[in-house]
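Below is one structure, written out as structure tokens; the observations come after it.
The values are calculated or read from the model by the stated rules, or taken from the named source; none is laboratory data. These numbers come from a predicted model, not from an experiment. Every residue, glycine among them, receives a Cβ derived from its backbone with ideal geometry; neighbour counts consider all protein chains shown.
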Amino acid sequence: MKAKCNKSINDIYAEIRDVYRRFPQPWVVGYSGGKDSTAALQMVWYALADLPERERKKPVYVIASDTKVETPMIVNHIDNILGLVNLQAQKADFPFVVKKVEPTLNDMFWVNLIGRGYPAPTTKFRWCTDRLKIRPSSRFIQEKVAAHGEVILVLGIRKAESATRMQLMNSYQIGEHVLRRNGAIPGAYIYAPIADLTTDEVWAYLQQVKPPWGGSNRKLVSLYRNASAGECPLVIDEATPSCGNSRFGCWVCTVAQRDTSMEAMIDNGEEWLEPLLELRDFLATTSDPEKKREYRDIRGRDGRVIFKKDGTAASRTFKLEASKAILHRLLNIQKELAHRGIVLISEQELLEIRRLWRVERQDWDDSVTRIYLEIFGKNPRWPTDDDEYFGSSERELLNSICKEHSVPFETVAKLLEVERASFGMARRSNVFRGIKRVLQQEWRDETEILQSAANISNPKKR
């Protein structure tokens, strides 16, 4: 099989073997489940299989990024392939180590969107990529750099994917060297064995050459055909393009206007995905200029209000009621898909959302527990720590006192939370910093803030 880059597949195999033998650094192969990363992983395996066993000792880490919000069908495909790779590597005594990397609890999508009220991601505020993809893979790579000094990242990236990708790859090129610089992680170099292949050449290879770990690539071909989609690569820096625009990736992605990938899957018989698409589309509408004010507060998590050049207030975090509505819809879908063994949000995430609502958003009514009970008909298995937090009875009492003295409930509640969180600490300096932070926040409700702003801009109307 001859590629347009004037390299045969055997030439690429020979180059892979040469790079493996010539450089002492261990390899980290990025696998995303798509055609390019599959082709790269296959080529690495077949190339190294021809090396004498004594030369095949350097570790090859195969990593996949699990964002916890990937399309369920893609998750199943990746898990299946990784399982086969791991099993066959053990049988063949290959130096392959399979690892799924995932975000920390603090960085997970639902913890931030529902728990903290972050708005649905957009092209201007794509907060999810760093938290869900870059940080997990970077942590793993940095661990290996710390252990070995340097590593080589083997990625299924190609110049033919886009002009942007070609420009990026050329900018990282070190002369005619086979390795490229990595602009994000010191000590990590990039090797792209399929850089010069076209899309047709990649597909031809996958259809003609069976995967060495068993099975076939028919499932992969079917996924692409049914989803009418491109590939979402392993993301290691901010320069990697978004996975929006009809690509495999997160089912919650609102960066693209439409998720034509999931739409195509539904049209091809996967109707059970419809509730996920509907929730994704709803999240996208919350960023529409005409609907922002309905779902989002003009105050951010820092309590401040930002006015734009035209004098209007910017829509920032989700209102608590909007967050409750999203959680309600999400848990209903999870209940509906329970027979498929699909978990859209874990109990660990729910517990963290509950904590954030109670501590940061003054949800003393414990709404997460109430919503869970309403949908599943049973109480969740929370740790017995309720004595640490204020409850609905304390809320009623404080609310009545605040009304009596004409002071804002939310501000007093936040001040009490500062004291509660600092209880028992030897150093009390954090209390004063916390009090200062709360008192600097906007305490008026939205109507008062907007009316005040209107009076300032139009003094004649006062």
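How many residues, within the range 275-296, are touching a helix residue (DSSP H, G or I) at 6+ places or on another chain (Cβ under 6 Å) and either assigned to a helix (DSSP H, G or I) or over 21 Å from Gly117 (Cβ atoms) (or both)?
Qualifying residue count for the region: 4.
Scan (1) closer than 21 Å to Val101 by Cα; (2) over 21 Å from the mean Cα position of the chain (by Cα) for the single condition Arg56 breaks and write down its number.
(1)
Take Val28 and decide whether it is under 26 Å from Glu201 (Cβ atoms), part of a strand (DSSP E or B), in contact (Cβ under 8 Å) with a residue 12 or more places away in the chain and in the same structural domain as Glu201 (by TED's automatic domain parsing).
Yes.
Matching residues to (1) surrounded by fewer than 22 Cβ atoms within 10 Å (Cβ to Cβ); (2) within 25 Å of Met265 (Cβ to Cβ); (3) touching a residue at least 24 places away in the same chain (Cβ under 8 Å):
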position: Pro52; (1), (2), (3): yes, no, no
position: Val62; (1), (2), (3): no, no, yes
position: Lys91; (1), (2), (3): yes, no, no
position: Val101; (1), (2), (3): yes, no, yes
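Cβ contacts < 6 Å: first residue free of Cβ contacts under 8 Å to residues at least 24 places away in the same chain, restricted to the range 430-451; second residue not polar (S, T, N, Q), any location; separation 6+ or different chain. Result?
Note: pairs meeting the criteria are Gly434/Val418; Ile435/Val418.
Which condition breaks for Phe423 when tested against (1) more than 32 Å from the chain's Cα centre (by Cα); (2) modelled with pLDDT under 85; (3) closer than 28 Å to Ile298 by Cβ?
Exception for Phe423: condition (3).
Checking the condition assigned to a helix (DSSP H, G or I) and either among the basic types (Lys, Arg) or touching a strand residue (DSSP E or B) at 6+ places or on another chain (Cβ under 7 Å) (or both), which residue from Lys335, Lys378, Lys309 passes?
Checking each option against the conditions leaves just Lys335.
Go through (1) of a type in the set (D, E, K, R); (2) outside any helix (DSSP H, G or I); (3) at pLDDT below 85 for Arg225 and report which single condition fails.
All conditions are met except number (2).
Restricting the range 75-125 to residues that are among the polar types (S, T, N, Q) and in a helix (DSSP H, G or I), which is nearest to Ile342 (Cα to Cα)?
So, considering only residues that are among the polar types (S, T, N, Q) and in a helix (DSSP H, G or I), the one nearest to Ile342 (Cα to Cα) is Asn76.
Among the acidic types (Asp, Glu) and either more than 26 Å from the chain's Cα centre (by Cα) or not in a strand (DSSP E or B) (or both) - does that describe any residue in the range 32-40?
Yes, the range 32-40 contains at least one residue that is among the acidic types (Asp, Glu) and either more than 26 Å from the chain's Cα centre (by Cα) or not in a strand (DSSP E or B) (or both).
Restricting attention to the range 350-362, does a residue exist that is within 21 Å of Val412 (Cβ to Cβ) and assigned to a loop (DSSP other than H, G, I, E, B)?
Yes, that holds for at least one residue.
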